[in-house]
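Have a look at the structure below, then the notes.
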Amino acid sequence: MSRPFALLGFSLFAALALSAWTGPDAAKILALVCLGLALCGFFAQLAWGRARVPSVCESVDGPRPRSSFLFRQRLLQGAALGFTAAFLGFALFTAAWQLRSAPYRNLKDVEARVQGTVVDYPQELYQRCYVVLRVDKAAPVAEASAQVKELLRDLPGPFTLRLSSVLPLALSPGDTLECTVTFTEFSQTGLYSTLSRRLASGVQAGAYLSDFSSLSSAPAAQTDLSQLLAQVRRRAARVFSQHLPRQEASLLQTILLGTENDLTEASTADFQRTGTTHLLVISGLHFTTLAAFLGLLFGVFPLGRVGKNLLILLTLLAFLAVTGFPVSGQRAAWMQVLFYLSGCFGRRSDGVNSLGFAVFCICLPDPFAGGDLGFALSVMATLGLQVLYAPVSRGLGYLGPKKGLGRALWHPVAESLAITLAATAFTLPIQIPVFGTLPLVAPLANLVLIFPCSLLLYAGFLSVLCLPVTGLSLPFLFCGGWVARFVLWAVGELARLPYGSLSLGQDTGLLTVGVLLLLVFFGSLPRRTKARGLLTGLAMAVALGASVGLHQLRWAGVTTLGVAEAGGSSCVVVIRDGSAGVLSLGGYNDSSGLYLLQAHNVSQVETLFLPAQDGEARLCAQRILENLPVERILLPQGAYAGKDLEDQGVPVERARPGESFQLLPGLEAVYSQDGARLSFTAGGVDVIVELAPSGPGECQVLVTQQRDTQINSSFTVLQADGIMGETGGEEAELRSGRYVSPPEQSSLCLDFSGDGQIQIRREN
């Protein structure tokens, strides 16, 4: 076999990803199936090997080579090897789950006294403090039940705990911490979920500090290598925060140090919408960029080929250690190790085989690595570069000028575009199901942002090297700050491009698989096929066009009523044919309404109705006005507009009680006489949005924040603090009809198709 490590690595990776998706029970069954198929392959290969095969097979037409026999032998070898690796993946995941995960899944709401060692400096994210703790002992509190005591007593050995606190904690790596905590469960489970991400990073359980008076800590007795590396990261992050604005410093820390970013939700969403989230993950881009820089830096010294390669390799490994050995970075590091070691011996390394070897070396000791989203995106992007870069580059070269100045200008653009297209093509099958969007602007965004992110990496790397002398690091740091500001501005502008990101939902899952198969097919064509790049590009264009066409067909004539959970309140929007009307805003999550509109590819807001006049509602409106074109702002009669709304250049109109106004083209909404409700009919369904306590009424769908509403409805969307715990985000039978509450940090969408039918769905 020409690429045995590629087959082993990708089979193992696919098995681990499938295990994270289906769970340990299904993984056991799949392990037995793969074991049976592997044994069948080995036995078939053995039987074929015993057969006498002449070097030349005689036929009526003359001598014929034994190519058919060799093909069958290689096919059996590959199948047996692949199923063996898959069996190994399923078995390792099952064993790792039973030992490292299952014992901690039943600890929700259990209060315990824990004692352990701090792994890294605390991180402040989302107005909370998080610290990773290596727990050596977990004991029940005095009033614990016998069941809780037995549960804690059966916990296997030391485990890693992610502890959250509402107050900052002054801790350092190596410190001994003892406190009373309450265990929690991770909010999401399944493939690429919060649970998968935590398990891949080595965290088995989560908890919050429930009793601050019980907290006691002691400094570390001695300092080891991991603590020294953590101190380097801490000092670098502190220098970044001291001399740069918060967002620029956060971006630099994320790209250079691999820390969990505390970018604003809007900035994080912009990276997702533009398909550039891989830039925020320590991956092959970082190592390739640094390797190129180090090659130029060490090239001025007479080190020789072997000395230069070894020095570059050691520097890259030191960079990996400083970043905390992230899973995606380990893949890139293994590939760089193979590349530079082969360079030392004067041999060329096969990119796909090296990638498979790196994936195998990472997944074998860590069966949870297959469920890490960053690692999966990094692997698929690198595979796309190895398979598609060359043919796509040649195909783009055929399209451009063949000589002169035009060729000199087109060549670097074609190279950058080929890198972007190749990486994007192989990451789409993951991005579409996970994020639910097709980033049409991804090729342009990557083309624009890759070079600035490389400059940002150079500046950050040089500033870290000069940390012992702060004065020397400041010029590089300020340069990095300016580049980070440009990156944040550019990704924001690209995210706001019309139809830059297309929300697809789950109706294009089969199309996603088809895209991948087409790309793999065209990418595996023989090198002599000159049109391979053009065929690959054509397949991508057809697939993207089909995706857009399916999306337009799916949502043609459908009116969507969306209710986004905004933290203590809700945002209500009505969407049809790319236009939207916003009926109410509120809550401390001031971007929830914007996310809901962007998720439905809204290109224009026809009416922004703002019944509430508090600061939270105005912040929500401000987010929408900054990111989407708004035709008019509608306020209740006598409401104060304020300069924050009047200075937007958008007409401000008044809604008079008892009158109707156009919410969307062809959709009229009636503003009640008491100013407490809005009513309209969409798709044959009568809808009432209750803004304040009002009198009796009837409708088919009701949106309200009043639990004791006097409006009778067949279906009620309720967003109120007192009811969320009771319903748990699930449908419940209350006073009359069915009630449902949007889950936390999610949206509830009701689709009216025009025949009176209602389709209910939830979106994160």
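The values are calculated or read from the model by the stated rules, or taken from the named source; none is laboratory data. Just so you know, these numbers come straight off a predicted model, no measurement behind them. When we count neighbours, we look across all protein chains shown, and the Cβ atoms used for this are built from the backbone with ideal geometry, even at glycine.
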Has the range 262-269 got any residue that is surrounded by 19 or more Cβ atoms within 10 Å (Cβ to Cβ), at pLDDT 75 or above and either under 22 Å from Pro475 (Cα atoms) or in contact with a Pro (Cβ under 9 Å, 6 or more places away or on another chain) (or both)?
no
Could you tell me how many of the residues in the range 1-17 are surrounded by fewer than 19 Cβ atoms within 10 Å (Cβ to Cβ) and under 11 Å from Gly371 (Cα atoms)?
1
Within the range 633-650, identify whether any single residue is touching a Ser or Thr at 6+ places or on another chain (Cβ under 9 Å), free of Cβ contacts under 8 Å to residues at least 40 places away in the same chain and surrounded by 13 or more Cβ atoms within 10 Å (Cβ to Cβ), and answer yes or no.
yes
Just checking, does the range 353-361 include any residue being modelled with pLDDT under 70, under 30 Å from Ala237 (Cα atoms) and among the small types (Gly, Ala, Ser)?
no
Which of the numbered conditions does Leu619 fail, given that it passes all the others? Conditions: (1) out of contact with any strand residue (DSSP E or B) (no Cβ under 8 Å at 6 or more places or on another chain); (2) farther than 26 Å from Ala269 by Cβ.
(2)
Residues (closer than 26 Å to Pro326 by Cβ, more than 25 Å from the chain's Cα centre (by Cα) and in a loop (DSSP other than H, G, I, E, B)) located in the range 102-118
none
Exactly one of Arg238, Arg233, Arg198 is surrounded by 16 or more Cβ atoms within 10 Å (Cβ to Cβ), under 29 Å from Gln272 (Cβ atoms) and not assigned by TED's automatic domain parsing to the domain that holds Leu161, and that one is Arg233
Checking the condition more than 23 Å from the chain's Cα centre (by Cα), at pLDDT 75 or above and either surrounded by fewer than 20 Cβ atoms within 10 Å (Cβ to Cβ) or small (Gly, Ala, Ser) (or both), which residue from Val558, Val574, Val605, Val542 passes?
Val558
Please go through (1) in a helix (DSSP H, G or I); (2) buried (at least 18 other Cβ atoms within 10 Å of the Cβ); (3) modelled with pLDDT of 70 or more for Leu310 and return the number of the only condition it doesn't satisfy.
(2)
Take the residues in the range 179-204 that are at pLDDT 80 or above and small (Gly, Ala, Ser), then tell me which one is farthest from Gly116 (Cα to Cα).
Ser196
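Filter the range 156-185 down to residues that are part of a loop (DSSP other than H, G, I, E, B) and either surrounded by fewer than 16 Cβ atoms within 10 Å (Cβ to Cβ) or touching a strand residue (DSSP E or B) at 6+ places or on another chain (Cβ under 6 Å) (or both), then give me how many there are. First the steps, then the outcome.
Keep residues of the range 156-185 that are part of a loop (DSSP other than H, G, I, E, B), which gives 156-158, 166-175, 185.
Right, trim to either surrounded by fewer than 16 Cβ atoms within 10 Å (Cβ to Cβ) or touching a strand residue (DSSP E or B) at 6+ places or on another chain (Cβ under 6 Å) (or both) and you get 156-158, 166-171, 173, 175.
Of the residues in that region, 11 qualify.
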Check whether at least one residue in the range 70-78 is under 24 Å from Gly356 (Cα atoms), modelled with pLDDT under 90, among the basic types (Lys, Arg) and part of a helix (DSSP H, G or I), and report yes or no.
yes
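Filter the range 21-65 for residues that are touching a Ser or Thr at 6+ places or on another chain (Cβ under 7 Å) and modelled with pLDDT under 70 and give the result.
Answer for the range 21-65, where residues must be touching a Ser or Thr at 6+ places or on another chain (Cβ under 7 Å) and modelled with pLDDT under 70: there is none.
Look at Gln272 and say whether it is in a helix (DSSP H, G or I), touching a strand residue (DSSP E or B) at 6+ places or on another chain (Cβ under 8 Å) and at pLDDT 75 or above. Before the answer, list the steps.
Numbers: in a helix (DSSP H, G or I): yes; touching a strand residue (DSSP E or B) at 6+ places or on another chain (Cβ under 8 Å): yes; at pLDDT 75 or above: yes.
When the stated conditions are applied, Gln272 passes them.
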Report, by residue number, each residue of the range 370-417 that is over 30 Å from Ala85 (Cα atoms) and not in a helix (DSSP H, G or I).
Gly400, Pro401, Lys402, Lys403
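Here is a yes/no grid of residues against (1) more than 30 Å from Glu493 (Cα to Cα); (2) among the small types (Gly, Ala, Ser):
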residue: Asp175; (1), (2): yes, no
residue: Ser196; (1), (2): yes, yes
residue: Asp211; (1), (2): yes, no
residue: Arg235; (1), (2): yes, no
residue: Arg246; (1), (2): no, no
residue: Phe271; (1), (2): no, no
Being of a type outside the set (Lys, Arg), in a helix (DSSP H, G or I) and either within 26 Å of the chain's Cα centre (by Cα) or not assigned by TED's automatic domain parsing to the domain that holds Ala96 (or both) is true for just one of Ala14, Ala38, Ala44. Which residue is that?
Ala14
Given (1) at positive phi; (2) assigned to a strand (DSSP E or B), index of the condition Gly658 fails
(2)
How about the range 459-472: which of its residues are among the small types (Gly, Ala, Ser) and closer than 15 Å to Arg233 by Cα?
Gly460, Ser463
Go through the range 689-716 and give me each residue that's among the polar types (S, T, N, Q) and within 25 Å of Gln757 (Cα to Cα).
Gln700, Thr704, Gln705, Thr709, Gln710, Asn712, Ser713, Ser714, Thr716
Looking only at the range 467-510, how many residues end up being surrounded by fewer than 20 Cβ atoms within 10 Å (Cβ to Cβ), at pLDDT below 80 and part of a helix (DSSP H, G or I)?
5
Which condition number does Ser660 fail, the rest of (1) modelled with pLDDT of 80 or more; (2) loosely packed, with under 14 Cβ neighbours inside 10 Å being met?
(2)
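Hey, does the range 636-646 have a residue that's modelled with pLDDT of 80 or more and not in a strand (DSSP E or B)?
Filtering the range 636-646 down to residues modelled with pLDDT of 80 or more leaves 636.
If we keep only those that are not in a strand (DSSP E or B) as well, we get none.
The answer is no, given that none of the residues of the range 636-646 is modelled with pLDDT of 80 or more and not in a strand (DSSP E or B).
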